[in-house]
Amino acid sequence: MKQNKTILITGGAGYIGSHVVNAMIKQGFKIEVIDIFRESRRNVITNDLVTYHEVDIRNKGSLMDVFNKTKPSIVFHFAAIANVPDSVTMPYKYYDTNIIGGLNLLECMHETGVTKIVFSSSAAVYGEPQTEELNEDHPKNPTNTYGYTKLVFENILKDYNRAYGYSSVSLRYFCAAGCDKNSGLGEYHSPETHVIPAIIETLLERRDEFFVYGNDFPTPDGTGIRDYIHVSDLAEAHICAMNKITDEKNVCAQYNLGTNKGFSVLDLIKVAQSISNKKLKYSFKERRPGDVARLIANSTKAQRELHWKPRFVDVKDMIETSYEFFANKI
């Protein structure tokens, strides 16, 4: 690949971002990571190809300094605040980071001539599903501020494509899960809000009880159904997205990333109990603001156009790798 092999990754010390950094190292790229290390200090990768910059994307001046020093050819944008119920009750900080911070990033790109970006979007852009599976043409009616900020930024990328010729790929993740077995990377949220880690922490007696938020959804067992995708498969999808905007001109595309399978919260509990040989202590709580009943991907477009296919399609594999990480987590 005859090009500048420097990539700038915002949020590259986070859960998904660090797995992408790890994958990019194997491709021989020089990685410049921007992060504020709020929840992710332990996902810092020690490698000569990786440099870390403690910069908040809301600080355009500091962000611009990094661009001027590193001169990247492509940007991967993960940095965001991502908690659905929290976004409903405290929308300001989501607009501040996810929109204003994102605009700062795009303007730094514009001022330094960088025109390629891979964006970490979300299935939360869709809102309540109107079909069993969601393809990219499904109506976008987010039920929470987090999802709305992701949709707004996708639309901003479309505007920048029309105005400045930016090439972008927006990857709409469903539920990231699992850990890479060999890297030592994982989830370091505090408090942990993701369902699989929360189940595992309870099984490991690191929290007293697991709460199931809602048992009255219109689903077979009353609990929410989600499409879970292994974080290593997400990392591979980012390489595929980078190849697309490198090899093709004037790209502005959006892709779902999932396994096209749905699992309820009670399904996850059963699998986790079988893996750990332990009984989970859990109870039901009221639904949280902004949660929908089910989210299941149709990722046919990504498989066709990005030449990507998930390798981990059984949620058992995802829970096993997470359990191994959390059991050994310091």
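None of the figures in this text is laboratory data; all of them are computed from the coordinates on show. These numbers come from a predicted model, not from an experiment. Every residue, glycine as well, gets a Cβ built from its backbone with ideal geometry; the counts of neighbours run over all protein chains shown.
Output the relative contact order of region 240-330, whole-number percent, from Cα pairs under 8 angstrom with separation of 6+ residues. Each step should come with its number before you reach the end.
Working: 51 pairs, mean separation 38.2, N = 91.
Relative contact order comes out at 42 percent.
Net charge near Pro129: determine it from the other residues with C-beta under 14 Å of the C-beta of Pro129, scoring Lys and Arg +1 and Asp and Glu -1. Don't skip to the end; give the middle numbers.
Details: positive: Lys140, Arg172, Arg226, Arg294; negative: Glu128, Glu132, Glu133, Glu136, Asp137, Asp227, Asp291.
Here the charged neighbours net out to -3.
A prolate overall shape is assigned to region 230-274, the ratio a/c of its alpha-carbon gyration tensor axes (a ≥ b ≥ c) being 1.5 or greater and a/b exceeding b/c. Overall, region 196-298 carries a charge dipole of about 200 debye about its Cα centre when +1 sits on the Cβ of Lys and Arg and -1 on the Cβ of Asp and Glu, all other atoms neutral. Helix 102-112 and the longest principal axis of the Cα set of the chain meet at an angle near 20°.
Against the chain, whose longest principal axis comes from its Cα atoms, helix 315-328 is set at around 90 degrees.
In this entry, the chain is assigned a mean projected area of 15.6 nm², taken as a quarter of its C-alpha convex hull surface.
According to the Kirkwood expression over distinct Cα-Cα pairs, how big is the hydrodynamic radius of region 202-327, in Å? Intermediate results must be reported in sequence, preceding the final value.
Details: mean 1/r = 0.0606 Å⁻¹.
Evaluated over region 202-327, this radius sits at 16.5 Å.
Kirkwood hydrodynamic radius computed over region 54-107 comes to 12.0 Å, based on all pairs of distinct alpha carbons.
Of the GluC sites (Glu not before Pro) found in region 120-182, the ones in coil according to DSSP and having at most 14 other Cβ atoms within 10 Å of their Cβ are Glu132. Between the helical axis of 265-276 and the dominant principal axis of the chain, each derived from Cα atoms, what acute angle in degrees is found, rounded to the nearest 10? Tilt relative to the chain: about 80 degrees.
Among the lysines of region 29-139, pairs that are 8 or more positions apart or on different chains and have alpha carbons within less than 22 Å of each other number 9. Fully extending the segment from Asp317 to Tyr95, taken as 0.36 nm per residue of separation minus the present Cα-Cα distance, adds 76.4 nm. Taking only the C-alpha atoms of region 56-145, Rg followed by Dmax gives 15.6, 48 Å. If R0 equals 30 Å, the separation of the Cβ atoms of Arg287 and Ser62 corresponds to a calculated FRET efficiency of about 0.15. Between Lys309 and His110, the modelled label-to-label distance comes to 4.1 nm, taking each label 7 Å out from Cα in the direction of the beta carbon.
Residue separation of Lys181 and Asn141 scaled by 0.36 nm, minus their Cα-Cα distance, works out to 10.7 nm of gained length.
Take the Cα of Gln273, go 7 Å toward its beta carbon, and the backbone nitrogen atoms of region 186-213 under 19 Å from that spot belong to 195-213. Sparsely packed loop sites in region 233-330 (the GluC sites (Glu not before Pro) outside DSSP H, G, I, E and B with at most 11 other Cβ atoms within 10 Å) comprise Glu248, Glu286. Here the Gaussian network model covers the chain, with springs between Cα atoms less than 10 Å apart; of Tyr213, Tyr148, Tyr255, Tyr213 fluctuates the most. From the P(r) of region 109-258, could you give the percentage of C-alpha pairs in the tail past 23 Å? Above the 23 Å cut-off, region 109-258 has 48 percent of its Cα pairs.
In plain terms, the chain from Ala327 to Thr300 could stretch by 6.2 nm, reckoned as 0.36 nm per residue minus the Cα-Cα distance.
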